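What follows is one structure encoded as structure tokens, with my remarks underneath.
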Amino acid sequence: MTGKQIKEGEHQRTPDADHLELSSLGVVGEGFKHAPNIDQDDLKQETKVRPAVRFGVSKQLGLGFAIVLLLTVLLAIVALRGHLDAMRVIEDVVEGYGSTAYIALQARNDFLAARNVEKEYLLYYRELGMAKTRLQYAEKVRHNLSNMERHLHSAESLLDAADSARKSQALITLILQERMDYEETFFEMVSLFEQRGNHYQGLEFKFHYNMDTLESLLQNEGRKMGAASEHLAADLLKVRKYEQDYLLNQNQSTLATFQEEVNHFLGYVKKYANGAFKRKLDQHFKAYQVNFKRWLDVDMQADLSMQRFDASAQRLESTLSQWYDLTSE
């Protein structure tokens, strides 16, 4: 075969020959076996597109990584700002614990706690008994007032020479005085309540005991007097009725009626009783009158003491509010 024939043969290659050559080079897959008439120029163009596709995927991966990195940085910035804000809040709180405004708030809370316990004492002292309520409630008032005084002295140590500090010092001094007045009037009231007592102790118990003794005398020894004993028992019952009415409503008109019934009873004793029986009636009724009169005196003192106590509590509450408002400016 001549060189010319060889060259002509190269240009006369069949599609099958092209297919076999491409298959041997690994360029054409199984799909070309079913498409032998595919144009070679199309194949070359396809092989040129593939590097561009690979470059687009790389760009997408890089862009995704950049977005993740940006989000990470943003989250880190937000977290850092949140941490710094939290640190500032903590610093403000720590600084606040040592401020006069915070101490004034604590002192006022101590006073409010004392007032709450005081109200519980007034609610339960008759029901629970004097000794138990003193220990369970009254002494807690003293404890809360001691805490308040401790806070006041702590505030004094923080004051400087400023005008507001001088005003604060004057109010603290006044509060300390009013705190003492509040405590004194409260325990004065408690002491009078304990003297006055209830049905089981104190003066109220004593005159109730005297009355019970009189009723027992009339039931046992008074039977010998016949009808006269019934008159005495009826008058004694009226005395007790008006006594109980006065204990309930504290009405002065009731007290006047009570005294009238006492005179009636004494008149019947003088008229119908005699001997040892009369002496016993006189003895126990006189003790009843003495103890009831003492109870009336202590009851009046307790009412006045409660009024003084309420006034001292209002003064202290007002001054504490003024001081708190001053420290909060």
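Out of the stretch 249-278, which residues are closer than 21 Å to F193 by Cα and assigned to a helix (DSSP H, G or I)? Matches in the stretch 249-278: N249, Q252, L255. The set of residues from the stretch 70-110 being outside any helix (DSSP H, G or I) and modelled with pLDDT under 80 comprises just one member, G98.
Residue-by-condition table, conditions (1) touching a residue at least 12 places away in the same chain (Cβ under 8 Å); (2) farther than 30 Å from V141 by Cβ; (3) in contact with an Asp or Glu (Cβ under 6 Å, 6 or more places away or on another chain); (4) not in a helix (DSSP H, G or I):
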{"position": "K280", "(1), (2), (3), (4)": "yes, yes, no, no"}
{"position": "V290", "(1), (2), (3), (4)": "no, yes, no, no"}
{"position": "D299", "(1), (2), (3), (4)": "yes, no, no, no"}
{"position": "D310", "(1), (2), (3), (4)": "no, no, no, no"}
{"position": "R315", "(1), (2), (3), (4)": "yes, no, yes, no"}
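Among the residues in the stretch 145-159, are any touching a residue at least 12 places away in the same chain (Cβ under 8 Å), over 17 Å from R108 (Cβ atoms), in a helix (DSSP H, G or I) and touching a helix residue (DSSP H, G or I) at 6+ places or on another chain (Cβ under 7 Å)? No; the residues of the stretch 145-159 include none that is touching a residue at least 12 places away in the same chain (Cβ under 8 Å), over 17 Å from R108 (Cβ atoms), in a helix (DSSP H, G or I) and touching a helix residue (DSSP H, G or I) at 6+ places or on another chain (Cβ under 7 Å). When Y246, Y242 are screened for being part of a helix (DSSP H, G or I) and out of contact with any Asp or Glu (no Cβ under 8 Å at 6 or more places or on another chain), only Y246 passes.
The condition of being buried (at least 16 other Cβ atoms within 10 Å of the Cβ) and at positive phi holds for G202. When K286 is tested against the conditions (1) at pLDDT below 90; (2) among the charged types (D, E, K, R); (3) within 26 Å of G226 (Cα to Cα), the lone failure is (1).
Listed conditions (1) outside any loop (DSSP other than H, G, I, E, B); (2) touching a Ser or Thr at 6+ places or on another chain (Cβ under 6 Å) are all met by Q219, apart from (2). Being part of a helix (DSSP H, G or I) and without any contact (Cβ under 8 Å) to a residue 12 or more places away in the chain is the filter; apply it to the stretch 185-216 and report the residue that is nearest to the chain's Cα centre (by Cα). Going through the qualifying residues, I end up with S191.
Is it true that some residue in the stretch 262-284 is within 52 Å of the chain's Cα centre (by Cα), over 30 Å from A101 (Cα atoms) and among the hydroxyl-bearing types (S, T, Y)? No - not one qualifying residue is present in the stretch 262-284.
Summed over the stretch 220-232, residues that are touching a residue at least 12 places away in the same chain (Cβ under 8 Å) and surrounded by fewer than 15 Cβ atoms within 10 Å (Cβ to Cβ) total 1. Of all the numbered requirements in (1) under 20 Å from the mean Cα position of the chain (by Cα); (2) surrounded by fewer than 15 Cβ atoms within 10 Å (Cβ to Cβ); (3) closer than 30 Å to E329 by Cβ, L158 misses one, and that requirement is (1).
Here's the yes/no breakdown for (1) in contact with a strand residue (DSSP E or B) (Cβ under 9 Å, 6 or more places away or on another chain); (2) of a type outside the set (S, T, Y); (3) modelled with pLDDT under 90:
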{"site": "I172", "(1), (2), (3)": "no, yes, no"}
{"site": "I175", "(1), (2), (3)": "no, yes, no"}
{"site": "F193", "(1), (2), (3)": "no, yes, no"}
{"site": "M211", "(1), (2), (3)": "no, yes, no"}
{"site": "E215", "(1), (2), (3)": "no, yes, no"}
{"site": "L218", "(1), (2), (3)": "no, yes, yes"}
{"site": "Y242", "(1), (2), (3)": "no, no, no"}
{"site": "E260", "(1), (2), (3)": "no, yes, no"}
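The values are calculated or read from the model by the stated rules, or taken from the named source; none is laboratory data. Here the structure is a predicted model, which is why all the values come from computation and not from measurement. Counting neighbours? That spans all protein chains shown, and the Cβs are built from the backbone with ideal geometry, glycine included.
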